[in-house]
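The values are calculated or read from the model by the stated rules, or taken from the named source; none is laboratory data. Just so it is clear, the model here is predicted, and its values are computed rather than measured. All Cβ positions, even for glycine, are placed from backbone atoms using ideal geometry, and neighbour counts span all protein chains on display.
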Amino acid sequence: MGAELATLVGELSPYVTAAVGAYGAAVLVRAREEAADVTVAWGRRMLQRIFGVRSEGDELPEAVVELAQAPDDPDLQAALRVQIRRLLAADEELVAQLRAMVAEARAGTGGTVTVTASGERSVAIGRDNSGTIITGDHSSGFNR
């Protein structure tokens, strides 16, 4: 389960880091306005689910406070991930809830892909490609 938790925490990281960067230490306070950025909004919801919703003046997790002071610091980002992983290791229900939140967030922020191909022999791939794409008449390796 350790590797699974590390993967989940890695998936949460961009959301929660963006939320702490946008809201600072007040990220866990319910009375804040909703974030305009979808990633930030999801990160805020995830952090509130992990650490609980706080009121103004409540004690906040040290890792959140420190990251709020230097949101671009990779060591502080890692410290928050470690704290989150420890909490998840003790709560399987929370793990399931956060997996669902990540899936929902991805569907809303990255689930829709728009691609455009323009011009003769253009190719547009919206997700993954597992086959060969040939755009020329005399490409090697392709025989009819």
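On inspection, Asp128 fails the criterion of being more than 18 Å from Leu5 (Cα to Cα), among the charged types (D, E, K, R) and at pLDDT 70 or above. Within the range 68-96, the set of residues being in contact (Cβ under 8 Å) with a residue 60 or more places away in the chain and either in a loop (DSSP other than H, G, I, E, B) or in contact with a Ser or Thr (Cβ under 6 Å, 6 or more places away or on another chain) (or both) comprises Gln77, Arg81. When you scan the range 10-26, do you find a residue that is touching a helix residue (DSSP H, G or I) at 6+ places or on another chain (Cβ under 8 Å), without any contact (Cβ under 8 Å) to a residue 24 or more places away in the chain, surrounded by 15 or more Cβ atoms within 10 Å (Cβ to Cβ) and not in a helix (DSSP H, G or I), even just one? No, because not a single residue in the range 10-26 is touching a helix residue (DSSP H, G or I) at 6+ places or on another chain (Cβ under 8 Å), without any contact (Cβ under 8 Å) to a residue 24 or more places away in the chain, surrounded by 15 or more Cβ atoms within 10 Å (Cβ to Cβ) and not in a helix (DSSP H, G or I). Here Ala100 meets each of (1) at pLDDT 90 or above; (2) within 16 Å of Ala25 (Cα to Cα) with one exception, condition (2).
State which residue is surrounded by the most Cβ atoms within 10 Å (Cβ to Cβ) when the search covers only the range 27-43 and only residues that are modelled with pLDDT under 75 and among the small types (Gly, Ala, Ser).
The initial filter retains those residues of the range 27-43 that are modelled with pLDDT under 75, namely 29-37.
With the extra rule that they be among the small types (Gly, Ala, Ser), the set shrinks to 31, 35-36.
Values: Ala31: 9, Ala35: 18, Ala36: 8.
So the residue we want is Ala35.
Restricting the range 44-80 to residues that are of a type in the set (Lys, Arg) and under 14 Å from Pro14 (Cα atoms) leaves a set whose member that is surrounded by the most Cβ atoms within 10 Å (Cβ to Cβ) is Arg44. Residues in the range 42-67 that are among the aromatic types (Phe, Trp, Tyr) and either assigned to a loop (DSSP other than H, G, I, E, B) or under 17 Å from Val82 (Cβ atoms) (or both): Phe51 only.
Looking at (1) closer than 14 Å to Val102 by Cβ; (2) touching a helix residue (DSSP H, G or I) at 6+ places or on another chain (Cβ under 7 Å); (3) at pLDDT below 90; (4) not small (Gly, Ala, Ser), can you tell me which one Ile50 breaks? Result: Ile50 fails condition (3) only.
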